[in-house]
Amino acid sequence: SGREMARLARVLPLNIAMRVALMGRHERLSAQRAYELGMVSELVEHDRLMERAYEVAGIVNSNSPLAVRGTRLAIRKGIDLPLHEAEILAETFRERVVRTDDAKEGKRAFVEKRAPKWSGT
């Protein structure tokens with residue numbers, strides 16, 4: 001669809017997006033090629049797909065929820081801003097997070113060599 005092509009044009013080099021869009025169903029990208037173009041971040045054997053998805057989700061979920069949320073917001077909201085403004089926005093989110101109880105808990109847990117107990121505050 002047109003919407004898909006508009007999205008592809010934002011994540012692929014223009015010449016690749018144009019080729020895929022104009023060739024339609026006659027142009028299929030392999031998983032390896034999609035990986036090389038940065039459309040996917042990792043290739044996993046089909047039999048390990050769900051196992052690996054849960055591993056990645058577990059790693060993300062082990063991080064401070066406030067830090068994860070701030071990082072996601074900084075990237076999503078900053079992507080369309082000029083670089084300098086995006087950097088300021090990201091720093092603003094970081095400053096908010098470092099003043100939280102979770103930031104203190106993260107440091108304590110590291111020193112005590114234990115998993116942190118996040119409170120979301």
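The values are calculated or read from the model by the stated rules, or taken from the named source; none is laboratory data. Everything quoted here is computed from the prediction, not taken from an experiment. Using ideal geometry, Cβ is built from the backbone for each residue, glycine included, and neighbour counts are taken over all protein chains shown. SASA here: full protein model, heavy atoms, side chains in, ligands and nucleic acids out. Shrake-Rupley method; radii C 1.70, N 1.55, O 1.52, S 1.80 Å.
For this structure, a couple of remarks:
- With DNA, RNA and ligands ignored, accessible area of ILE59 (1.4 Å probe; Å², nearest 10): 100 Å²
- Helix axis angle, 49-62 relative to the chain longest principal axis, alpha carbon, degrees: 40 degrees
- Angle between the chain longest axis and helix 14-23 axis [Cα atoms, degrees, rounded to 10]: 50 degrees
- Loop-located GluC sites (Glu not before Pro) in the range 1-36 whose Cβ has at most 13 other Cβ within 10 Å (DSSP): GLU27
- Compared with the dominant Cα axis of the chain, that is its longest principal axis, helix 83-98 is turned about 30°.
- Accessible area (Å², 1.4 Å probe, nearest 10) - SER119: 70 Å²
- A simple spin-label model places pseudo-atoms 7 Å from Cα toward Cβ; at VAL111 and MET23 they are separated by 5.8 nm.
- The chain shape via C-alpha gyration tensor axes, a/c threshold 1.5: oblate
- Trypsin sites (Lys or Arg not before Pro) within the range 1-98: DSSP coil, no more than 10 neighbouring Cβ in 10 Å: ARG28
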